[in-house]
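S.K.: Handing you a structure now.
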Amino acid sequence: MQGLGKLLVIGFGPGAMEHITHRALEALRESEVIIGYNTYVDLIRPLLTGQEIVRTGMTEEVSRAQEAVRQAEAGKIVAVISSGDAGVYGMAGLVYEVLMERGWKPDSGVEVEVVPGVSAIQSCASLLGAPVMHDACTISLSDHLTPWDTIKRRVEAAASADFVIALYNPRSGRRTRQIVETQEILLRYRDPKTPVGLVKSAYRDRQHVVITTLEDMLNHDIGMLTTVIIGNSSTMMYEGLMVTPRGYQRKYTLNATEQPLRPHERLRTEAEPWSLGAMEARAAASGTAAGQSAAGAAPAGPATSPAGSDAGGATAVLVAERPAPAVAATHAAAAAASIGAAELAAEALGRLAAGGALAGEAASRWLDAGPGAAAPQALERTAPAPGSKPPLFEVGVSPGVGNKKFSAAQMALLAQCAGDDGELEYTPEHQIILRVPTFEPDRLVAELRAAKFIVVPIGDVIKVKACDFCNMEKDDAVPMAEHLQAVIGGVSAPKETSVALNGCGMACYGAVLEDIGIVYRKGGYDLFLGGKKFGRNAHPAQPVAEGIPGDEIGGIVERIVAEYKEKGHPNERFHKFFKRVGVIQGFRHVDAPVTVEVNPVCGD
Ligand code: SAH
């Protein structure tokens, strides 16, 4: 615009000449007037080439901005300088506020250019190692222009949300309480050993860097020229450096040249149990799998002899078109399936324990306390970083296979395990989900198991469920339910899958509606595959075999699960899988009859 000058709002970085951007240097050279706080003008003095200088005191920011606008409107090219970035507690906002106050329009008013600079959060972080790295925020503790209550709320929100926090303006000669109160708030949410970096005068003459902890930080010098960087729950100290890992675990393994997940696998929902997509999938899965509680029990072992196996050697009557293959699984095959199942369960636990690595790793370990198999070593263990917050551990707990009753002592134990920081959720499946932050999930699980709880992972796993066997009056099939829980309960699956066993032909717990239904009747087991309990096209499972002997049903179900696990697409529900492949273990899928359109016109 003719007659009008230009406003250049320039962030010149932390202080050292080499950290000023090329554009900032150019902009300084272009300008005719430099307006800034005395110290900053002194810092950039070597770069000046005869420009007019308007120096002001630190508290005269508003008059600085007004003066800048005035001079630009009078036709001058004016540089307003800020340290770091002018848009971070700098002059950019004030300049725009003054302009807005005057009804400035970008098209007709003075031209404005904000030249970005390296802010203290970045310059200080670089001297500390890599403490920011992940989601971070800046909070200025100066309450000159912001109410202290607002600042406190922000500290609290950032602390609770596990942000890395850069505290600007942490303390001055007169403002000394703010940093003390801030530390108090942070200690309510973070471990006292959380790494903290204090950087004074980054890239300036008196640069001073200290790495300390949240509990110890106030024993060091913190002043006007210090930026305080508080780590998050996974920030580590290493050789005098502060490092925050790039992301949550298991997407990469650092000591391996070959990554466990190939590039395309890394973006799958299963590799990101913490993602919104995975949460939605879990929510959808739990909505679709109502019914009775997971069954399971004390280690029954694969050798458990199911009741009913002496039922006169009844042979299976196949409803399927094609006969099932020989149902008597060899012992070796059964054993192999069990071991495979345990590995898969470990993987499932690792993926699904909420809150990331430690919980997952521990989950893989607590599995070996469970029935079935040797400890799977698929997942690595890393020691908790000093100062890190315990990850959330999530697990399903139920009182027994058929037993749906909790004792008072069990209830008390659950309450104690949840403590103040955890929660207990009662699900429609006779199961309590315990969520609690802990570094020792295996101890927790051992305690729960000692109190005769069934402890199972949550999510896309095989859920073994059972009826209450008419209050244990019809308990012939209880050992089979226990056996199934022992060998396939918790095995990871493409999607959450219910294997439900009902203890008599009444099947009042709805086994025939589940993904895999087993109904004990007249000494044998009827098998149902591919039910869909919910939705517009809900349908019962297809009856595929009747009267399977007790010593065969376990092997059959295990092999069905193994096939689904192996060939199912990620997120493919069991009924869809059955329909797609057409035959599972010899059981053929039969399409449901086509629905008949009924003309719904009223009065006809
Ligand atoms: N615009 C500046 C921030 C100004 S507020 C920027 O983007 O960096 C002033 C605060 O910034 C100081 O109290 C201090 O907390 C921080 N700060 C600015 N420069 C710094 C430096 N060189 N070293 C350490 N902290 C610095």
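The values are calculated or read from the model by the stated rules, or taken from the named source; none is laboratory data. In this text the structure is predicted, and so the values were computed from the model without any measurement. Please note: Cβ atoms are built from the backbone with ideal geometry, for glycine as well, and neighbour counts cover all protein chains shown. Keep in mind that these areas ignore ligands, DNA and RNA; they rest on the heavy atoms of the full protein, side chains included. Shrake-Rupley method; radii C 1.70, N 1.55, O 1.52, S 1.80 Å.
S.K.: If the reach is capped at under 28 angstrom between alpha carbons, list the lysines near LYS105, excluding any in the same chain fewer than eight residues apart.
M.R.: Straight-line reach from LYS105, under 28 Å: LYS6, LYS76.
S.K.: For segment 457-539, run through the chymotrypsin sites (Phe, Trp or Tyr not before Pro) and keep only the ones in DSSP coil with at most 14 other Cβ atoms within 10 Å of their Cβ.
M.R.: Working: sites: PHE469, TYR509, TYR520, TYR525, PHE528, PHE534; in loops: TYR509, PHE534.
Within segment 457-539, the qualifying chymotrypsin sites (Phe, Trp or Tyr not before Pro) (loop, at most 14 other Cβ atoms within 10 Å) are PHE534.
S.K.: With the full set of protein chains in place, find how many percent of the accessible area of segment 38-197 is carbon and sulfur; take the probe as 1.4 Å. The partial results should precede the final answer.
M.R.: On the way: 3890 of 7600 Å².
Roughly 51 percent, rounded to a whole number.
S.K.: Considering only protein heavy atoms and a 1.4 Å probe, what is the carbon-and-sulfur percentage of the accessible area of segment 461-591?
M.R.: Numbers: 2290 of 4610 Å².
Summing carbon and sulfur atoms, their accessible area is 50 percent of the total for segment 461-591.
S.K.: I would also like to ask the following. Search the structure for amide H atoms under 5 Å from the amide H of ILE34, placed 1.01 Å from N in the peptide plane, and list their residues when 5 or more places away or on another chain.
M.R.: Residues meeting the criterion, in which the H sits 1.01 Å from N, are GLU52, ILE53, VAL54, ALA79.
S.K.: Which loop GluC sites (Glu not before Pro) in segment 471-537, with loop taken from DSSP, have no more than 10 other Cβ atoms within 10 angstrom of their Cβ? Numbers along the way, then the final one.
M.R.: On the way: sites: GLU473, GLU482, GLU496, GLU514; in loops: GLU473, GLU496, GLU514.
Sites meeting the loop and neighbour criteria: GLU473.
S.K.: To continue, here is another question. Using a 1.4 Å probe on the protein heavy atoms only, what accessible surface does GLU546 show? Give it in Å² to the nearest 10.
M.R.: Ignoring ligands and nucleic acids, GLU546 comes out at about 70 Å².
S.K.: Once you have the Cα-Cα distance between GLU52 and GLN416, take 0.36 nm times their residue separation minus that, and quote the gain in nm to one decimal. Mind showing how you got there, number by number?
M.R.: Values: separation 364, 0.36 × 364 = 131.04 nm, distance 7.07 nm.
Result: 124.0 nm gained on full extension.
S.K.: Any chance you could run the full-extension gain for GLU239 through ASP162? It's 0.36 nm times the residue separation minus the Cα-Cα distance, nm to one decimal. If you can, show how the numbers build up before the last one.
M.R.: Numbers: separation 77, 0.36 × 77 = 27.72 nm, distance 2.35 nm.
Full extension of this stretch gives 25.4 nm more.
S.K.: Using packing as a proxy for protection, rank 565-575, 11-21 so that the peptide with the highest average count of other Cβ atoms within 10 Å comes first.
M.R.: On the way: 565-575: 17.5, 11-21: 20.1.
Descending packing order for the listed peptides: 11-21, 565-575.
S.K.: Still on this structure, please answer the following. For segment 389-436 and segment 124-175, what is the separation of their C-alpha centers, rounded to whole Å?
M.R.: One Cα centre to the other: 37 Å.
S.K.: Along the Cα→Cβ direction, 7 angstrom out, place labels at HIS144 and GLU26. What is the inter-label distance in nm?
M.R.: Taking the two extended label points, one gets 3.3 nm.
S.K.: If amide hydrogens are placed 1.01 Å from N in the peptide plane, which non-local residues have theirs closer than 5 Å to the one on LEU214?
M.R.: THR194, VAL196
S.K.: Something else about it: Please work out the average accessible area per residue across segment 73-157, using the 1.4 Å probe convention, and give it in Å². All intermediate terms of the calculation are to be shown ahead of the outcome.
M.R.: On the way: 4140 Å² over 85 residues.
Using a 1.4 Å probe on heavy atoms only, each residue of segment 73-157 averages 49 Å².
S.K.: How much net charge surrounds ASP191 when only the other residues with a Cβ under 12 Å from the Cβ of ASP191 are counted, with Lys and Arg +1 and Asp and Glu -1? Please report the intermediate quantities before stating the final value.
M.R.: Working: positive: ARG188, ARG190, LYS193, LYS389; negative: ASP162, GLU215.
Every neighbour counted, the sum reads +2.
S.K.: Work out the FRET efficiency for ASP216 and VAL62 from their Cβ-Cβ distance, taking R0 = 25 Å, and round it to the nearest 0.05. Intermediate results must be reported in sequence, preceding the final value.
M.R.: Details: r = 39 Å, r/R0 = 1.54.
E(calc), rounded to 0.05, equals 0.05.
S.K.: Additional query: Give the lysines whose C-alpha is closer than 24 Å to that of LYS576, dropping any in the same chain fewer than 8 places away, or say none.
M.R.: Correct list for LYS576: LYS463, LYS465, LYS495, LYS532, LYS533, LYS565, LYS567.
S.K.: Next question, about the same structure. Pairs of alpha-carbon atoms within less than 8 angstrom and 6+ residues apart define the contacts here; what relative contact order does segment 121-243 have, in percent? Write down the numbers at each step before the final one.
M.R.: Details: 232 pairs, mean separation 39.7, N = 123.
The value is 32 percent.
S.K.: Using a probe radius of 1.4 Å on heavy atoms only, what accessible surface per residue do you get for segment 439-571? Whole Å² is fine.
M.R.: Details: 4620 Å² over 133 residues.
Per-residue accessible area for segment 439-571 comes out at 35 Å².
S.K.: Given the peptides 167-176, 231-240, arrange them by the average over their residues of other C-beta atoms within 10 Å, most packed first. Before the final figure, lay out the partial values.
M.R.: Values: 167-176: 17.2, 231-240: 20.7.
Per-residue mean Cβ counts within 10 Å order the peptides as 231-240, 167-176.
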